[in-house]
Amino acid sequence: AQRVTQPEKLLSVFKGAPVELKCNYSYSGSPELFWYVQYSRQRLQLLLRHISRESIKGFTADLNKGETSFHLKKPFAQEEDSAMYYCAPTRQGNTPLVFGKGTRLSVIA
Amino acid sequence: DGGITQSPKYLFRKEGQNVTLSCEQNLNHDAMYWYRQDPGQGLRLIYYSQIVNDFQKGDIAEGYSVSREKKESFPLTVTSAQKNPTAFYLCASSLGAYLPYNEQFFGPGTRLTVL
């Protein structure tokens, strides 16, 4: 079955510490991968997509095809990074996105 | 926030009743989606529509129905057959369901509570 796994439900880090939110997928081939974020009382929104290789709000994500991972990283966490983060790869055949169960990031001052 | 609107924000329903959740978008997007968000479950796809008058079942379509008579509207009906309807429902849209690099834009959500 095609799956996406975010192993941590909750991740707590101190302000200024590095952050890594893990995401593993089970698709073969070359899926497109996205990270979405939901801040408190805001809509779910796109954070970044691997194809653009951009850094948004200091976050980056590298696709590792060998490990089938797309971990989200930031070198120095900020309090405003506290939110729910969802990894979302496309299925094979480019059908709609499949979302992971999400990781809640809590940055402690 | 514009683009996608969902109404109402909160909805209460008695057990055994059908209820319809509204989703409207003015982004001229072809594709629209309905997700259910439960704590610890992430987002699960209920139905999606690539184009007017066409829709496909997602992973958890049982107990739900949809229609897509207009490009800008994609209402979701939660029927009495849905065993656990209390949840937060999210609507989204995108340029196309099968386009690459296909960003989805989300509405604010409707929280449905069955009494």
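Within segment B:8-26, restricting attention to residues that are in a strand (DSSP E or B) and more than 13 Å from B:Phe74 (Cβ to Cβ), which residue is nearest to the other protein chains (Cβ to nearest Cβ)?
Step by step, filter segment B:8-26, then rank; the result is B:Tyr10.
Can you tell me which residues in segment B:16-55 are in contact (Cβ under 8 Å) with a residue 60 or more places away in the chain, crowded, with 16+ Cβ neighbours inside 10 Å and among the hydrophobic types (A, V, I, L, M, F, W, C)?
Result: B:Val19, B:Leu21, B:Cys23, B:Ala31, B:Met32.
One line per residue, one yes/no per condition, for (1) closer than 30 Å to A:Thr5 by Cβ; (2) of a type in the set (A, V, I, L, M); (3) touching a strand residue (DSSP E or B) at 6+ places or on another chain (Cβ under 8 Å):
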residue: B:Thr20; (1), (2), (3): no, no, yes
residue: B:Asn28; (1), (2), (3): no, no, no
residue: B:Val52; (1), (2), (3): no, yes, yes
residue: B:Phe55; (1), (2), (3): yes, no, yes
residue: B:Ile60; (1), (2), (3): yes, yes, yes
residue: B:Leu76; (1), (2), (3): yes, yes, yes
residue: B:Ala81; (1), (2), (3): no, yes, no
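Find the residue count for segment A:3-28, including only residues that are out of contact with any Ser or Thr (no Cβ under 9 Å at 6 or more places or on another chain), open to solvent by less than 50 Å² (accessible area, probe 1.4 Å) and not in a loop (DSSP other than H, G, I, E, B).
Residues in segment A:3-28 being out of contact with any Ser or Thr (no Cβ under 9 Å at 6 or more places or on another chain), open to solvent by less than 50 Å² (accessible area, probe 1.4 Å) and not in a loop (DSSP other than H, G, I, E, B): 1 in total.
Please tell me if B:Val78 is more than 14 Å from chain A (Cβ to nearest Cβ) and open to solvent by 10 Å² or more (accessible area, probe 1.4 Å). Full working, then the answer.
Values: more than 14 Å from chain A (Cβ to nearest Cβ): yes; open to solvent by 10 Å² or more (accessible area, probe 1.4 Å): no.
No.
Exactly one condition in (1) part of a strand (DSSP E or B); (2) open to solvent by 30 Å² or more (accessible area, probe 1.4 Å); (3) within 30 Å of A:Leu11 (Cβ to Cβ) is false for B:Ile60; which is it?
If we test B:Ile60 against (1) part of a strand (DSSP E or B); (2) open to solvent by 30 Å² or more (accessible area, probe 1.4 Å); (3) within 30 Å of A:Leu11 (Cβ to Cβ), just (1) comes out false.
Among the residues in segment A:26-35, are any closer than 22 Å to B:Gly3 by Cβ and free of Cβ contacts under 8 Å to residues at least 24 places away in the same chain?
Checked against the condition, which is being closer than 22 Å to B:Gly3 by Cβ and free of Cβ contacts under 8 Å to residues at least 24 places away in the same chain, segment A:26-35 yields no hits at all.
Residues checked against (1) without any contact (Cβ under 8 Å) to a residue 40 or more places away in the chain; (2) within 13 Å of chain A (Cβ to nearest Cβ); (3) surrounded by 17 or more Cβ atoms within 10 Å (Cβ to Cβ):
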{"site": "B:Pro85", "(1), (2), (3)": "no, no, yes"}
{"site": "B:Leu90", "(1), (2), (3)": "no, yes, yes"}
{"site": "B:Glu103", "(1), (2), (3)": "yes, yes, no"}
{"site": "B:Pro108", "(1), (2), (3)": "no, yes, no"}
{"site": "B:Leu112", "(1), (2), (3)": "no, no, yes"}
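The values are calculated or read from the model by the stated rules, or taken from the named source; none is laboratory data. Just so you know, these numbers come straight off a predicted model, no measurement behind them. Every residue, glycine as well, gets a Cβ built from its backbone with ideal geometry; the counts of neighbours run over all protein chains shown. Accessible surface is based on the protein model in full, side chains and every heavy atom, while ligands, DNA and RNA are left aside. Shrake-Rupley method; radii C 1.70, N 1.55, O 1.52, S 1.80 Å.
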